[in-house]
Amino acid sequence: MIRLHHCPQSRSMRSLWLLNELEVPFEIVLHAFDKSLRDPDYLSLSPAGRVPALEIEGERMFETAAITEYLCERYPAAGMGRAPGEPDRMAWLVWVHFAETISQHVASLTQQHIVLREDWMRSPVMMELEARRLEKCYAAIEARLSTPIENRDYLLTSGFSAADVSVGQAVYMARYFASLDGFPAVADWYARISERPAFRAALPGEDAALIYDRPFYAPWPVAGR
Amino acid sequence: MTEPRPRLHHVPFSRSFRTLWLLEELGIDAEIVPHDIRAGDMRDPVYRAKSPAGRVPALEIDGRTLFESGAICEYLAETRGTLGRAPGHPERADYLTAIHYAETMAGLVEQLNLSRIFLRPPAQPSIPVLKITTARLRATLDGLEAMLEARDHALASGFSAADTMMGFNLFAVPYYVRLDPYPNVAAYRARLEARPAFQAARAKDGPQTFYRQEFYPIPEDSQ
């Protein structure tokens, strides 16, 4: 049995989307995005107190991208992975890892805008810097999708894969802090992958507690400019 | 037929040290292309074509260019040597978890680097953010300390490519969190440091100039 520990809108949505694409049976344990993730019971599953955590056939795993890689290897039929030796293996690894780079900037922005309780704790310089870094990430995706020969529909030449799930869900979160305006290939690709039923089924339910309760969090003006 | 020499794009004391070290462990002779993070030469379009987010490491190998240190680590271990754990291996889940956990820890170190090294006056780091980030870094060390209770390396079977990912962190972490409360982590670090390939990589990396003080305590709260 597979059991996914999940907070809506967080990185664990990536594992949820992937499980939906793999069409394997699993159950979800919902967690609040708060201090309860530091409870000793949960820490025994995920030592840094983060989601996702995955229980699978007696294994306990944490770290989103490790879960992504493992699930793709365990359930190859859906074609979400690219095994060692396949032509797109190198690119698949790069983009699955790059999704975590994007998410580190998102985590920093989520902390700045949402997690910190009081305004004096926030740093407008950091907000702006991290939002600019997200735009650099978008530029990297834009360059990947718009090749000189023809635009790619997906990150890999061989078609849709867990690389799109990983980077796509990272972009889902990043859009709260950096707009896709100016990145037309990324916007088209995002529209394409977010139409997938497996993505839609990974979105927060009607009455789920949301991390992001408004569409966009702009950087605050920097004093003295 | 001889393979062309791989080329590693490298910034001293950065994540690209992981690749430098792994190449030494695997006995691969690579050309090192140094970059200066402060001079901004990684924003150059020629470099951008290799590493689209303008970061190190990037590794030119097998006719293509890889970026992301974790992806490079996995690729090298899959295609060369015996330091990986292939799909289906009983330690596969642990191997993948260790590689990515190392990156979670490195991301927190990077956040602290950003606040303490790169942020220039008059901008001041937010003290609550430093506290939270440092606490989260400690939480990752708690997890590692517990993991190392029953083993000498990231994997029970011994040294693997995952240790080059994790090991690099442990030379940056002590600028922000002292390792004294983490005896298993400190012993693990010493074990890694004793490896000849680590020392060879360290010699190529040169003296550390990134951190300008031996420890960065969190400044006193003015609020």
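Points to keep in mind about this one:
- Max mean-square fluctuation residue, GNM over chain B, Cα-Cα springs under 10 Å, options B:Thr134, B:Thr104, B:Thr82: B:Thr82
- Here the dipole of the protein assembly as shown is about 1000 debye; that uses its Cα centre as origin and unit charges on the Cβ of Lys and Arg (positive) and Asp and Glu (negative).
- Shape analysis of the stretch A:2-78 yields a ratio of the Cα radius of gyration to the Kirkwood radius, Rg/Rh, of 0.95.
- GNM result for chain A, Cα springs below 10 Å: residue of A:Ile114, A:Ile211, A:Ile149 fluctuating most strongly: A:Ile149
- Each other residue within a Cβ distance under 12 Å of B:Tyr182 adds +1 if Lys or Arg and -1 if Asp or Glu, for a net charge of -1.
- Label zone of B:Val33 (point 7 Å out along Cα→Cβ, amide N under 19 Å): in the stretch A:124-140 this covers A:140.
- Put in line by how crowded their Cβ is, counting other Cβ atoms within 10 Å and starting with the fewest, B:Arg64, B:Arg85 read B:Arg64, B:Arg85.
- Among A:Tyr42, A:Thr157, A:Ala178 - extreme Cα towards positive end, dipole of chain A, charges at beta-carbon: A:Ala178
- Note on A:Asp188, A:Asp181, B:Asp205: ascending count of other Cβ atoms within 10 Å places them as A:Asp181, A:Asp188, B:Asp205, the fewest first.
- Contact order for chain B, expressed relative to its length and based on alpha carbon pairs under 8 Å spaced 6+ residues apart, stands at 22 percent.
- By the helix-only formula, in which each DSSP H run with n ≥ 4 contributes -39500 (n - 2.57) and the sum is divided by residues, chain A has a 222 nm mean residue ellipticity of -13500 deg cm²/dmol.
- Fraction of antiparallel bridges per DSSP, the stretch A:2-78 only, in percent to nearest 5: 65
- The average projected area of chain B, computed from the convex hull of its Cα atoms over all directions, is 13.6 nm².
- Ordered by the number of other Cβ atoms lying within 10 Å of each residue's own Cβ, fewest first, A:Leu37, B:Leu22, A:Leu16 fall into the sequence A:Leu37, A:Leu16, B:Leu22.
- Magnitude of the charge dipole, the stretch A:89-196, Cβ model with Lys/Arg +1 and Asp/Glu -1, debye to 20: 220
- Among A:Leu93, B:Ser16, B:Ala86 the positive-end extreme of the charge dipole of the protein assembly as shown (Cβ point charges): B:Ser16
- Applying 1/(1 + (r/R0)^6) with R0 = 45 Å to the Cβ-Cβ distance of B:Ala49 and A:Asp213 gives a FRET efficiency near 0.70.
- Note that the stretch A:89-196, at 10 °C in a medium of 1.306 mPa s, gets a Stokes-Einstein diffusion coefficient of 110 µm²/s from its Kirkwood radius over C-alpha pairs.
- Modelled label positions at A:Lys35 and B:Ala190, each set 7 Å beyond Cα in the direction of Cβ, lie 3.7 nm from each other.
- Once the Cα gyration tensor of chain A is diagonalised, semi-axes √(5λ) in Å: 27, 25, 14
- The antiparallel fraction among DSSP beta bridges confined to the protein assembly as shown stands at about 65%.
- The stretch A:65-80 residues near the modelled A:Arg192 label - backbone nitrogen below 17 Å, point 7 Å along Cα→Cβ: A:80
- Assigned charges on the beta-carbon of Lys, Arg, Asp, Glu; chain A dipole about Cα centre (debye): 540
- Once the Cα gyration tensor of the protein assembly as shown is diagonalised, semi-axes √(5λ) in Å: 28, 27, 25
- Theoretical FRET efficiency, 1/(1+(r/R0)^6), r = Cβ-Cβ of A:Ile149 and A:Glu206, R0 41 Å, to 0.05: 0.40
- Projecting the Cα atoms of B:Pro217, B:Pro207, B:Ser115 onto the charge dipole of chain B (Cβ charges, centred on the Cα centre) puts B:Ser115 farthest toward the positive pole.
- The label-point distance for B:Phe118 and A:Ile28, in a model that sets each label 7 Å from Cα toward Cβ, rounds to 3.5 nm.
- Per-pair calculated FRET efficiency, R0 = 35 Å: B:Phe215 and A:Asp119 via Cβ, rounded to 0.05: 0.70
None of the figures in this text is laboratory data; all of them are computed from the coordinates on show. Since the structure is predicted, the reported quantities are computational estimates derived from the model, not experimental observations. Note that each Cβ is placed from the backbone with ideal geometry, even for glycine, and that neighbours are counted across all protein chains shown.
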